[in-house]
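Here the structure is laid out as structure tokens; the discussion comes afterwards.
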Amino acid sequence: MAEDDGMSAEEFRAIAAAGSTGPSVWQMTEEQLEAEILALCEEREITWAHIDTPHHNRKRHNLAGFPDLMLFGRGGSMFRELKRQRNPGGSPAQTNWKYWLLAAGQDYAIWQPRDLESGRIKRELDRLAGRPA
């Protein structure tokens with residue numbers, strides 16, 4: 001997970017709910033982005049699984065680089081890698097998973113804080129939830 005910048009996901013949500021612009025997309029951590037996304041998933045009854053560090057997997061090579069989130073809804077499934085705004089790239093293992101999933105016809109993308117701000121994440125989650133556009 002991303003380094004801690006001193007603001008919890010709950011604090012970030014409180015700032016956003018209060019109508020303040022809060023931290024910019026450049027300050028948002030992966031943890032804060034994830035918290036926002038999971039709250040949106042709960043609102044839409046989307047089932048999700050977060051793949052944390054592969055250190056807990058005895059066959060570590062099986063999960064190294066696997067996307068952060070697997071999301072399942074009435075409209076199908078998707079795999080999403082979460083990145084801080086200033087760190088858009090991925091490791092070679094993440095790139096391998098990206099191409100394996102895309103080759104298998106899976107819905108894969110990288111989400112960053114700007115995607116939350118632009119509404120892209122909400123639109124994609126609405127589609128996954130089977131909500132009309």
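From the residues in segment 86-100 that are of a type outside the set (D, E, K, R) and crowded, with 17+ Cβ neighbours inside 10 Å, which one is nearest to Ser24 (Cα to Cα)?
Among those that are of a type outside the set (D, E, K, R) and crowded, with 17+ Cβ neighbours inside 10 Å, it is Gln94.
Within segment 68-82, how many residues turn out to be surrounded by fewer than 20 Cβ atoms within 10 Å (Cβ to Cβ) and part of a loop (DSSP other than H, G, I, E, B)?
Counting residues in segment 68-82 that are surrounded by fewer than 20 Cβ atoms within 10 Å (Cβ to Cβ) and part of a loop (DSSP other than H, G, I, E, B) gives 2.
No lab work stands behind these numbers, since they all come straight from the coordinates. Keep in mind it's a predicted model, so treat the numbers as computed, not measured. A quick note on method: Cβ atoms are made from the backbone with ideal geometry, for glycine too, and the neighbour counts reach across all protein chains shown.
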